[in-house]
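Asks: First, the structure itself, so that you have it in front of you.
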Amino acid sequence: MTKFKARSCSQGTYYARRPSPISGYLVFTPKPICELVGSGWATWSNGYTGNVYWNNTNVGSPTTIKLTMPTGTQAFYFYAEPNEFQTFDLEATAQNGTTSGPLQVYGQAGAQYYGFYSKNSSLHIKTITITCNDDFAVGEFGIAT
């Protein structure tokens, strides 16, 4: 797995995509706003202090970010955390229906790991859709082909 660069965007700026460390781009739909943990985004987990991408929508309604992978992606991981300092169900689902199931994630320093991989070299991860009943951020990405 190759980690994405921890600090590679301008805080407070919306991004449609982010360069992958191996090739191509990770594409966000809709465009999230980039924030720095500890500055624009309050907390994270496991000592991470890089950029995260916040979907910045209204609190209290289901929110979603769809991640579209670079061609040939065999494995991908990320962390996700709700904005409010409460517990919310966060769920990630790949294009083939593989899902994390709803995982309870706490919004204060509780970013949760999510990982997807394919054992078949001809079947790639194309998209992952993340859903939560609170606005949330994703970050701390890793990828492999």
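The values are calculated or read from the model by the stated rules, or taken from the named source; none is laboratory data. Nothing here was measured: the structure is a model prediction, and the numbers come from that model. As a convention, Cβ positions derive from the backbone with ideal geometry for all residues, glycine included, and neighbour counts pool all protein chains shown.
Asks: Kindly indicate whether any position in segment 53-62 is closer than 14 Å to D135 by Cα and part of a strand (DSSP E or B).
Replies: Taking every residue of segment 53-62 in turn, at least one turns out to be closer than 14 Å to D135 by Cα and part of a strand (DSSP E or B).
Each row is one residue, and each column tells you yes or no for (1) at pLDDT 95 or above; (2) over 17 Å from W41 (Cα atoms); (3) aromatic (F, W, Y); (4) assigned to a strand (DSSP E or B).
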{"position": "T73", "(1), (2), (3), (4)": "yes, yes, no, no"}
{"position": "Y79", "(1), (2), (3), (4)": "yes, no, yes, yes"}
{"position": "E84", "(1), (2), (3), (4)": "no, no, no, no"}
{"position": "Y114", "(1), (2), (3), (4)": "yes, yes, yes, yes"}
{"position": "N120", "(1), (2), (3), (4)": "no, yes, no, no"}
{"position": "I125", "(1), (2), (3), (4)": "yes, yes, no, no"}
{"position": "D134", "(1), (2), (3), (4)": "no, no, no, no"}
{"position": "E140", "(1), (2), (3), (4)": "yes, no, no, yes"}
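Asks: Moving on to the next point. May I ask you to verify whether K119 is more than 16 Å from the chain's Cα centre (by Cα) and either at positive phi or of a type in the set (K, R) (or both)?
Replies: yes
Asks: Being surrounded by 14 or more Cβ atoms within 10 Å (Cβ to Cβ), in contact (Cβ under 8 Å) with a residue 60 or more places away in the chain and more than 13 Å from the chain's Cα centre (by Cα) is the filter here, so list the residues in segment 36-49 that pass it.
Replies: Result: V37, W41, A42, T43, S45, Y48.
Asks: Could I ask something else about it? Can you tell me which residues in segment 111-125 are touching a Ser or Thr at 6+ places or on another chain (Cβ under 7 Å), in contact (Cβ under 8 Å) with a residue 40 or more places away in the chain and within 13 Å of G139 (Cβ to Cβ)?
Replies: Scanning segment 111-125 gives a single hit, A111.
Asks: List the number of the failed condition for Q104; all other conditions in (1) surrounded by 15 or more Cβ atoms within 10 Å (Cβ to Cβ); (2) modelled with pLDDT of 95 or more hold.
Replies: (1)
Asks: Give segment 9-36 a look and list any residue that's closer than 14 Å to F141 by Cα and in a strand (DSSP E or B), or say none.
Replies: R17, R18, P19, Y25, L26, V27, F28, C34
Asks: I've got another one for you. Which residues, taken from segment 19-32, are β-branched (V, I, T) and over 12 Å from the mean Cα position of the chain (by Cα)?
Replies: I22 - this is the single residue of segment 19-32 that is β-branched (V, I, T) and over 12 Å from the mean Cα position of the chain (by Cα).
Asks: Yes or no: segment 69-82 includes at least one residue that is buried (at least 18 other Cβ atoms within 10 Å of the Cβ), of a type in the set (D, E, K, R) and in contact (Cβ under 8 Å) with a residue 60 or more places away in the chain.
Replies: No, segment 69-82 has no match at all.
Asks: Do we find a residue being farther than 23 Å from N120 by Cα, surrounded by 16 or more Cβ atoms within 10 Å (Cβ to Cβ) and of a type in the set (D, E, K, R) anywhere in segment 6-16?
Replies: The answer is no, given that none of the residues of segment 6-16 is farther than 23 Å from N120 by Cα, surrounded by 16 or more Cβ atoms within 10 Å (Cβ to Cβ) and of a type in the set (D, E, K, R).
Asks: Something else now. Which one of T29, T13 is under 19 Å from I128 (Cα atoms) and polar (S, T, N, Q)?
Replies: Going through T29, T13 in turn, the sole match is T29.
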